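Asks: One structure is given below, represented as C-alpha cells, and several questions about it will come after.
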Amino acid sequence: MGVGFAYLFVSPLLGFMASQDWIVVDAQSISIMTVLLFGAGTDYCLFLVSRYRDELQLEPNKYRALQLAIANSGGAIMMSALTTMIGLFTLSLAQYASYDRFAVPFSLGILMTAVAVMTLLPAILAMLGRTAFFPFIPKTEQMAKQLEEKKGKPVRRSIGRTRFSKMAGRIVTEKPWHLIIVCFIFLGGISSSCAQHFLYVSSTGFLSGRHAIT
C-alpha cells in the first residue's frame, strides 16, 4: 500500500513538472519507474515489517514495539533510499540515448517510496498490531505461556533467528572494518577485471560487426 501511495503521488507530480518544461517524461521512463518503485519499495517494507515482528516477540505493547522497530530500522531504510536516489540522479549526466531523462523520475520515485514506508506503513501497522501477521501472530514468551495455560496445550512459538543470521550479525557488528576491506578487495578485483576486459574489447574490435560470423 505504501508503494502504491508513492506511485499515485509521483505520477501527477512528474506530469506537472513535465507540463512546466522542467523535465522530459516519456512512457519508457514511467514503465521502468513503476518496476523500480515496487522492487525497492517492497524491500523497504520488508525491512520495517520484519523488524516489527521481531520486536513484537520481545515487547508486549504493540506501540512500543513499533517505536523500537522504526528506531532500529528507519536509519538503514532512509540511508539505503538516499544512496539509491543519489546513484539514480547521476543518470542526469549520461550522454547516451535518453538515459538522462530517467534521473528525476527514478530518484523522486525512490524518495517518495521511502517517505511512504516510514509514514503510511507504520500508521497501518499501528492500527493492525499483531493481527497484521495473522495467522502466525508473534507473541512474547509470557503471552505464549498464558495462552498455553488457557488452552491446556502447547501453542506454536515464533521461529527465532537462525544460527547463520546470528553469526553474520555478530561479524558485521564486531568486525565492520575487516568486512569492509574484504568486500572492497573482492569487488575492486571484479571491477578491475571487467574494466580490463572492456579495454581489450575496445582495442581489438572483438564482437564488432567486422568480426561477426556470417
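Here, each number is a calculation from the coordinates, and none is a lab measurement. Just so it is clear, the model here is predicted, and its values are computed rather than measured. As a convention, Cβ positions derive from the backbone with ideal geometry for all residues, glycine included, and neighbour counts pool all protein chains shown.
Asks: Using a simple charge model, +1 on the beta-carbon of Lys and Arg, -1 on the beta-carbon of Asp and Glu, nothing else, what dipole does the chain show about its Cα centre, in debye to the nearest 20?
Replies: 1200
Asks: Okay, helix-only estimate at 222 nm for the chain: each DSSP H run of n ≥ 4 adds -39500 (n - 2.57), divide by all residues, round to 500 deg cm²/dmol; what do you get?
Replies: Theoretical 222 nm ellipticity from helices: -25000 deg cm²/dmol.
Asks: Can you give me the Rg/Rh ratio for segment 1-85, using Cα atoms for both radii and the Kirkwood formula for Rh?
Replies: Result: Rg/Rh = 1.12.
Asks: Shifting gears a bit: To the nearest µm²/s, what D does Stokes-Einstein give for segment 26-134 at 37 °C and 0.692 mPa s, using the Kirkwood radius over alpha carbon pairs as Rh?
Replies: Here the translational diffusion coefficient equals 219 µm²/s.
Asks: Go ahead and run the numbers for FRET between PHE136 and SER11, Cβ-Cβ distance against an R0 of 41 Å, rounding to 0.05.
Replies: It comes out at approximately 0.70.
Asks: Okay, moving on. Return, ordered by residue number, the residues of segment 1-40 whose backbone nitrogen is under 13 Å from a label point located 7 Å along Cα→Cβ of ASP100.
Replies: So the set is 23-24.
Asks: If a paramagnetic tag sat 7 Å from the Cα of ILE180 along the Cα-Cβ line, which residues of segment 63-80 would have the backbone N under 11 Å from that point?
Replies: Answer for segment 63-80: none.
Asks: Using all Cα-Cα distances in the chain, what percent lands in each 10 angstrom bin from 0 up to the longest?
Replies: The calculated distribution, bin by bin, is 7, 21, 24, 22, 15, 7, 3, 1.
Asks: Another question, then. Relative contact order of the chain: what whole-number percent is it, with Cα pairs under 8 angstrom and at least 6 residues apart?
Replies: It comes to 22 percent, rounded to a whole number.
Asks: Need the full-extension length gain, GLN146 to ALA18, defined as separation in residues times 0.36 nm minus the C-alpha distance. One decimal, nm.
Replies: Net length gain for the segment: 40.2 nm.
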